[in-house]
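K.L.:
What follows is a single structure, and I will ask about it in a moment.
The values are calculated or read from the model by the stated rules, or taken from the named source; none is laboratory data. What you are looking at is a predicted structure, and each value in this text was computed from that prediction instead of being measured. Cβ atoms come from the backbone with ideal geometry, glycine included; neighbour counts cover every protein chain shown. In case anyone asks, the SASA skips ligands and DNA or RNA and just uses the protein heavy atoms, side chains included. Shrake-Rupley method; radii C 1.70, N 1.55, O 1.52, S 1.80 Å.
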Amino acid sequence: MAWFWMCLLACGVAALGSLVFLVRFAERLKHEGRSQRPARSDVGVVLGAYTDGFEPSPPLAARLRVAIALYRQGYIRAIIVSGGQGKNETVPEARSMKRFLVMNGIPAEVVHEERMSTNTWENLYHTSAIMRDRGYHTAVIITSDYHLPRALAVARMLGMEATGCGAASTRGEFRAAVREVFAHIEYLLRGRQAPFWQA
(Lines give C-alpha, C1' and ligand atoms only; values in the text may rest on other atoms or scores of the structure.)
Protein backbone atom coordinates (compact mmCIF):
# COMPACT_ATOMS: atom_id res chain seq x y z
CA MET A 1 0.00 0.00 0.00
CA ALA A 2 3.02 2.29 0.32
CA TRP A 3 2.98 2.94 -3.43
CA PHE A 4 -0.64 4.12 -3.18
CA TRP A 5 0.19 6.74 -0.58
CA MET A 6 3.27 7.80 -2.52
CA CYS A 7 1.15 8.28 -5.64
CA LEU A 8 -1.46 10.17 -3.67
CA LEU A 9 1.20 12.43 -2.18
CA ALA A 10 2.73 13.04 -5.60
CA CYS A 11 -0.66 13.96 -7.04
CA GLY A 12 -1.29 16.32 -4.14
CA VAL A 13 2.06 18.04 -4.61
CA ALA A 14 1.45 18.37 -8.36
CA ALA A 15 -2.01 19.82 -7.78
CA LEU A 16 -0.68 22.29 -5.23
CA GLY A 17 2.13 23.30 -7.57
CA SER A 18 -0.33 23.85 -10.41
CA LEU A 19 -2.55 25.97 -8.18
CA VAL A 20 0.39 28.11 -7.06
CA PHE A 21 1.44 28.57 -10.70
CA LEU A 22 -2.05 29.66 -11.72
CA VAL A 23 -2.40 32.11 -8.85
CA ARG A 24 1.00 33.66 -9.44
CA PHE A 25 0.46 33.92 -13.19
CA ALA A 26 -2.94 35.54 -12.65
CA GLU A 27 -1.45 38.03 -10.19
CA ARG A 28 1.33 38.75 -12.67
CA LEU A 29 -1.21 39.52 -15.39
CA LYS A 30 -3.16 41.81 -13.05
CA HIS A 31 -0.01 43.65 -12.01
CA GLU A 32 1.12 44.07 -15.61
CA GLY A 33 -2.31 45.34 -16.62
CA ARG A 34 -2.49 47.87 -13.80
CA SER A 35 1.00 49.17 -14.57
CA GLN A 36 0.02 50.29 -18.08
CA ARG A 37 -0.38 54.03 -18.61
CA PRO A 38 -2.54 55.48 -21.39
CA ALA A 39 -1.23 58.06 -23.83
CA ARG A 40 -3.45 60.74 -25.34
CA SER A 41 -5.03 59.05 -28.33
CA ASP A 42 -7.67 59.41 -31.01
CA VAL A 43 -9.98 56.79 -29.57
CA GLY A 44 -10.61 54.55 -26.60
CA VAL A 45 -11.46 50.92 -27.34
CA VAL A 46 -13.61 49.20 -24.70
CA LEU A 47 -13.55 45.42 -24.98
CA GLY A 48 -16.79 43.66 -24.18
CA ALA A 49 -17.82 41.32 -21.39
CA TYR A 50 -21.07 39.76 -20.28
CA THR A 51 -24.14 41.99 -20.18
CA ASP A 52 -27.53 41.02 -18.73
CA GLY A 53 -29.79 42.69 -21.25
CA PHE A 54 -28.82 46.34 -21.02
CA GLU A 55 -27.25 45.86 -17.60
CA PRO A 56 -23.45 45.52 -17.91
CA SER A 57 -21.81 43.01 -15.62
CA PRO A 58 -19.62 44.55 -12.88
CA PRO A 59 -16.37 43.94 -14.84
CA LEU A 60 -17.86 45.55 -17.94
CA ALA A 61 -19.23 48.50 -15.97
CA ALA A 62 -15.72 49.03 -14.52
CA ARG A 63 -14.26 49.14 -18.04
CA LEU A 64 -16.90 51.63 -19.14
CA ARG A 65 -16.23 53.89 -16.16
CA VAL A 66 -12.56 53.97 -17.14
CA ALA A 67 -13.56 55.03 -20.66
CA ILE A 68 -15.79 57.79 -19.27
CA ALA A 69 -12.95 59.08 -17.09
CA LEU A 70 -10.46 59.08 -19.98
CA TYR A 71 -12.92 60.91 -22.23
CA ARG A 72 -13.67 63.57 -19.62
CA GLN A 73 -9.97 64.04 -18.92
CA GLY A 74 -9.25 64.58 -22.61
CA TYR A 75 -7.17 61.45 -23.17
CA ILE A 76 -9.49 60.27 -25.95
CA ARG A 77 -11.89 62.09 -28.27
CA ALA A 78 -14.05 59.12 -29.28
CA ILE A 79 -14.88 55.61 -28.07
CA ILE A 80 -15.30 52.28 -29.86
CA VAL A 81 -17.29 49.70 -27.92
CA SER A 82 -16.50 46.19 -29.13
CA GLY A 83 -18.52 43.07 -28.47
CA GLY A 84 -21.04 40.84 -30.19
CA GLN A 85 -23.99 38.95 -28.75
CA GLY A 86 -23.23 35.76 -26.86
CA LYS A 87 -25.55 32.77 -26.69
CA ASN A 88 -26.62 33.74 -23.17
CA GLU A 89 -27.13 37.42 -24.00
CA THR A 90 -30.25 39.13 -25.33
CA VAL A 91 -28.54 42.18 -26.87
CA PRO A 92 -25.08 42.74 -28.37
CA GLU A 93 -22.53 43.82 -25.79
CA ALA A 94 -21.63 46.87 -27.88
CA ARG A 95 -25.22 48.08 -27.85
CA SER A 96 -25.44 47.74 -24.07
CA MET A 97 -22.10 49.52 -23.66
CA LYS A 98 -23.10 52.46 -25.83
CA ARG A 99 -26.33 52.86 -23.89
CA PHE A 100 -24.39 52.92 -20.60
CA LEU A 101 -21.97 55.55 -21.92
CA VAL A 102 -24.70 57.79 -23.30
CA MET A 103 -26.70 57.54 -20.07
CA ASN A 104 -23.58 58.70 -18.25
CA GLY A 105 -23.11 61.80 -20.33
CA ILE A 106 -20.98 60.70 -23.30
CA PRO A 107 -22.29 62.19 -26.58
CA ALA A 108 -23.82 59.43 -28.73
CA GLU A 109 -22.07 60.70 -31.86
CA VAL A 110 -18.60 59.94 -30.46
CA VAL A 111 -19.43 56.31 -29.57
CA HIS A 112 -18.99 53.75 -32.36
CA GLU A 113 -20.24 50.17 -32.10
CA GLU A 114 -18.49 46.99 -33.22
CA ARG A 115 -21.03 44.15 -32.87
CA MET A 116 -19.44 41.22 -34.73
CA SER A 117 -16.69 39.99 -32.43
CA THR A 118 -16.79 36.96 -30.16
CA ASN A 119 -13.24 36.97 -28.76
CA THR A 120 -10.28 39.27 -28.12
CA TRP A 121 -8.68 38.71 -31.52
CA GLU A 122 -11.91 39.57 -33.33
CA ASN A 123 -12.50 42.55 -31.02
CA LEU A 124 -9.30 44.18 -32.13
CA TYR A 125 -9.35 42.98 -35.74
CA HIS A 126 -12.78 44.52 -36.38
CA THR A 127 -11.95 47.58 -34.30
CA SER A 128 -8.83 48.28 -36.34
CA ALA A 129 -11.01 48.32 -39.45
CA ILE A 130 -13.34 50.88 -37.86
CA MET A 131 -10.32 52.98 -36.91
CA ARG A 132 -9.05 52.98 -40.48
CA ASP A 133 -12.47 53.88 -41.87
CA ARG A 134 -12.86 56.81 -39.48
CA GLY A 135 -9.30 58.08 -39.65
CA TYR A 136 -8.30 57.17 -36.11
CA HIS A 137 -4.61 56.36 -35.81
CA THR A 138 -4.00 55.83 -32.10
CA ALA A 139 -5.98 54.02 -29.41
CA VAL A 140 -6.18 53.29 -25.73
CA ILE A 141 -7.26 49.68 -25.15
CA ILE A 142 -9.58 49.53 -22.13
CA THR A 143 -10.33 46.21 -20.46
CA SER A 144 -9.90 44.42 -17.13
CA ASP A 145 -6.38 44.52 -15.72
CA TYR A 146 -5.76 40.76 -16.09
CA HIS A 147 -6.98 40.85 -19.71
CA LEU A 148 -5.00 43.89 -20.81
CA PRO A 149 -1.58 42.24 -21.43
CA ARG A 150 -3.05 39.80 -23.97
CA ALA A 151 -5.22 42.48 -25.55
CA LEU A 152 -2.20 44.75 -26.07
CA ALA A 153 -0.19 41.86 -27.50
CA VAL A 154 -2.94 41.15 -30.02
CA ALA A 155 -3.16 44.85 -30.88
CA ARG A 156 0.59 44.90 -31.59
CA MET A 157 0.29 41.88 -33.89
CA LEU A 158 -2.43 43.70 -35.80
CA GLY A 159 -0.24 46.76 -36.20
CA MET A 160 -2.32 49.01 -33.97
CA GLU A 161 -0.62 51.97 -32.33
CA ALA A 162 -2.05 51.47 -28.87
CA THR A 163 -1.48 51.99 -25.18
CA GLY A 164 -3.68 50.50 -22.47
CA CYS A 165 -5.63 51.31 -19.35
CA GLY A 166 -6.70 48.44 -17.13
CA ALA A 167 -9.87 48.54 -15.06
CA ALA A 168 -9.07 47.26 -11.58
CA SER A 169 -10.54 43.82 -11.03
CA THR A 170 -12.11 42.65 -7.79
CA ARG A 171 -11.68 39.46 -5.77
CA GLY A 172 -14.92 38.29 -7.30
CA GLU A 173 -13.19 38.18 -10.69
CA PHE A 174 -10.46 35.83 -9.56
CA ARG A 175 -11.86 32.88 -11.52
CA ALA A 176 -11.96 35.06 -14.64
CA ALA A 177 -8.32 36.00 -14.02
CA VAL A 178 -7.40 32.31 -13.76
CA ARG A 179 -9.28 31.57 -17.01
CA GLU A 180 -7.26 34.36 -18.60
CA VAL A 181 -4.08 32.47 -17.69
CA PHE A 182 -5.24 29.57 -19.88
CA ALA A 183 -6.34 31.94 -22.66
CA HIS A 184 -2.97 33.69 -22.52
CA ILE A 185 -1.10 30.39 -22.77
CA GLU A 186 -3.33 29.27 -25.63
CA TYR A 187 -2.55 32.42 -27.58
CA LEU A 188 1.15 31.89 -27.00
CA LEU A 189 1.04 28.27 -28.17
CA ARG A 190 -0.97 29.17 -31.27
CA GLY A 191 1.53 31.86 -32.19
CA ARG A 192 -1.04 34.63 -32.29
CA GLN A 193 0.83 37.04 -30.04
CA ALA A 194 4.21 37.87 -28.59
CA PRO A 195 4.69 37.25 -24.85
CA PHE A 196 3.69 40.42 -23.02
CA TRP A 197 6.85 40.38 -20.89
CA GLN A 198 9.04 40.71 -24.01
CA ALA A 199 7.15 43.69 -25.43
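K.L.:
Roughly what % of DSSP beta bridges within region 39-114 run antiparallel, to the nearest 5?
P.N.:
20 percent
K.L.:
With every protein chain left in place, what is the accessible area per residue of region 57-184 in square angstrom, probe 1.4 Å? Could the numbers behind the result be given before it?
P.N.:
Values: 5860 Å² over 128 residues.
Spelled out: the 1.4 Å probe surface of region 57-184, per residue, equals 46 Å².
K.L.:
Would you please name the trypsin sites (Lys or Arg not before Pro) within region 51-125 that are DSSP coil residues with at most 14 other C-beta atoms within 10 Å of their C-beta?
P.N.:
Details: sites: ARG63, ARG65, ARG72, ARG77, LYS87, ARG95, LYS98, ARG99, ARG115; in loops: ARG77, LYS87, ARG115.
Here the sparse-neighbourhood loop sites are ARG77, LYS87.
K.L.:
Along Cα→Cβ, 7 Å out, is where each label goes; now give me the distance between the ones at THR90 and ARG134 in nm to one decimal.
P.N.:
2.8 nm
K.L.:
Full extension from ASP42 to ARG28: what is 0.36 nm times the residue separation minus their Cα-Cα distance, to one decimal in nm? Intermediate values should be presented prior to the final figure.
P.N.:
Values: separation 14, 0.36 × 14 = 5.04 nm, distance 2.91 nm.
2.1 nm is the gain from fully extending ASP42 to ARG28.
K.L.:
On a C-alpha basis, how far is the centre of region 146-172 from the centre of region 78-136 in Å? Whole number, if you could?
P.N.:
16 Å
K.L.:
State the Kirkwood hydrodynamic radius of region 64-178 in Å, one decimal place, computed from all pairs of distinct Cα atoms.
P.N.:
14.6 Å
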